[in-house]
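Below: one structure, written as structure tokens.
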Amino acid sequence: MSDIRDIKAAVVGTGFIGVVHVEALRRLGIEVTGIVGSTPERAAEKARTAGLPAPYPSFEAMLEDPAVQVVHLTTPNRLHYEQVKATLAAGKHVVCEKPLGMDSTETAELLRLAEQSGLVHAVNFNVRFYAQCLEARARVARGDIGDVRLISGGYLQDWLLFDTDWNWRLDPAEGGSLRAVGDIGSHWLDLVQFITGRRVEAVMADLTTFIPVRKQPTGPVETFSGAAAGETIDTAMETEDAAGILLRFSGGARGIVTVSQVSAGRKNRLSFEVDGSTNALSWISEAPEELWLGHRDRPNELLLREAGEYPPGHAEGFPDTFKALYRRVYAAVAAGGPGDDYPTFADGHDEAVIADAIARSHAEQRWVAVDPVPQEV
Ligand SMILES: NC(=O)c1ccc[n+]([C@@H]2O[C@H](COP(=O)([O-])OP(=O)(O)OC[C@H]3O[C@@H](n4cnc5c(N)ncnc54)[C@H](O)[C@@H]3O)[C@@H](O)[C@H]2O)c1
């Protein structure tokens, strides 16, 4: 196996999360040879203000650079499908942001192509790599809470609360036909399946659009940059601001999740609780160092982080999850092929299949089985 510091990467997309990818790679000692933005001029400006490497003239020019072994795709969702296909065709390993594609037809093809290629393929479900989420998974696997019965929680944000808030995710042609569910619900669903080992088998979804018309700026807006100043046009909304979803998991477990991008004060709050037949555990992303352990017949415990990137007491957070994820992905690249300790395109496809079932459940107002071909329960 070669040293991961000999591997070189390029990052496509220079917005909110593209910068996080570059930073995590640099912390691992991986050289980022360059970035690709929507235009070389905008990318050059972002490189200057955010301290990123210089841009390539185009996506194609980046793919032609033989030094680049791994490509990170951090572009709006609509672009993932074509960019993943081109990256695999160029013989480069790929880390794609979630959601992997716009629907399960796209993700099925990307999974097939990735598996045929023999290349390393990963989907950026970084939340799994909070140390206390890994700890929760280990505790469930070794039977600490007994049989998994009830999986509940939510993912709440407030950055789309006002009708003046705008982002490409609000346009279904850019973000997909599910918005809150595809954007953040996907993280929750991936995480609880990862922690419990239970698969979502059926869903009953209620999606709501509280803000039917939004003021769309005529110029571009970066994620989490707040309401735009300047000219706007009134645009009708087709995607959900919030969702409530009942879930049936394998092994008889049941679940319920709330997803919202319009919950005032909740900046980025992912929470889960897993209630087992003997004990329970619970975690909230806004206090990531603490894992709550629930007991029936002795005092409850608040377990502080022991393992992770830094010694206990030296608080870890969001950027560290990217580092922990890429450490595993790049170990696989160094070893010459796919590994089994990080989320792959199989997980990205799995999410898309669940999302299809959620959309169909809402449209038809009934339970829908999660299956490669969604069907009635
Ligand atoms: N894992 C996470 O925690 C997480 C968090 C945020 C976003 N994401 C995902 O990352 C992706 C990007 O989201 P974001 O919030 O960073 O959005 P953003 O709007 O802040 O950034 C998107 C970037 O892509 C660039 N871009 C647009 N078209 C391009 C093209 N043709 N070629 C190259 N670059 C192009 C834009 O200029 C912009 O810099 C989405 O798929 C989103 O779901 C994941």
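Values in this text are rule-based calculations from the coordinates and carry no lab data. A quick note: this is a predicted structure, and the numbers were derived from the prediction, not measured. Positions of Cβ are generated from backbone atoms using ideal geometry, with glycine treated the same way; all protein chains shown enter the neighbour counts.
Which of D144, D171, D297 moves the most in a Gaussian network model of the chain with Cα springs under 10 Å?
Its mean-square fluctuation being the largest, the pick is D297.
Just tell me which lysines come within less than 26 Å, Cα to Cα, of K92; anything on the same chain fewer than 8 places away is out.
Within the straight-line cut-off, K92 pairs with K8, K46, K323.
What distance in nm separates the two pseudo spin-label positions at R42 and E364, each 7 Å out from Cα along the beta-carbon direction?
For the pair R42/E364, the computed spacing is 3.9 nm.
Name the residue, out of K98, K323, K46, whose mean-square fluctuation peaks in a Gaussian network model built on the chain with Cα pairs under 10 Å.
Largest GNM mean-square fluctuation: K46.
In a GNM of the chain with a 10 Å cut-off on Cα contacts, which of P57, P288, P299 has the highest mean-square fluctuation?
Ranking P57, P288, P299 by mean-square fluctuation puts P299 first.
Suppose the chain between K215 and F318 were pulled fully straight at 0.36 nm per residue; how much longer would it get relative to their current alpha carbon spacing? Could you put the intermediate results ahead of the total?
On the way: separation 103, 0.36 × 103 = 37.08 nm, distance 3.06 nm.
Stretched fully, the K215-F318 segment lengthens by 34.0 nm.
Throw me the Rg/Rh for segment 1-146, computed over C-alpha atoms with Kirkwood Rh, two decimals.
Working: Rg = 16.5 Å, Rh = 16.3 Å.
Rg/Rh for segment 1-146 comes to 1.02.
Dividing the convex hull volume of the alpha carbon atoms of segment 131-316 by its residue count, what do you get in Å³ per residue?
Working: hull volume 24.6 nm³, N = 186.
Taking the convex hull of the Cα positions in segment 131-316, it is 132 Å³ per residue.
Per residue, how big is the convex hull of segment 118-174 when only Cα atoms are used? Give it in Å³.
For segment 118-174, the hull spanned by Cα atoms encloses 198 Å³ per residue.
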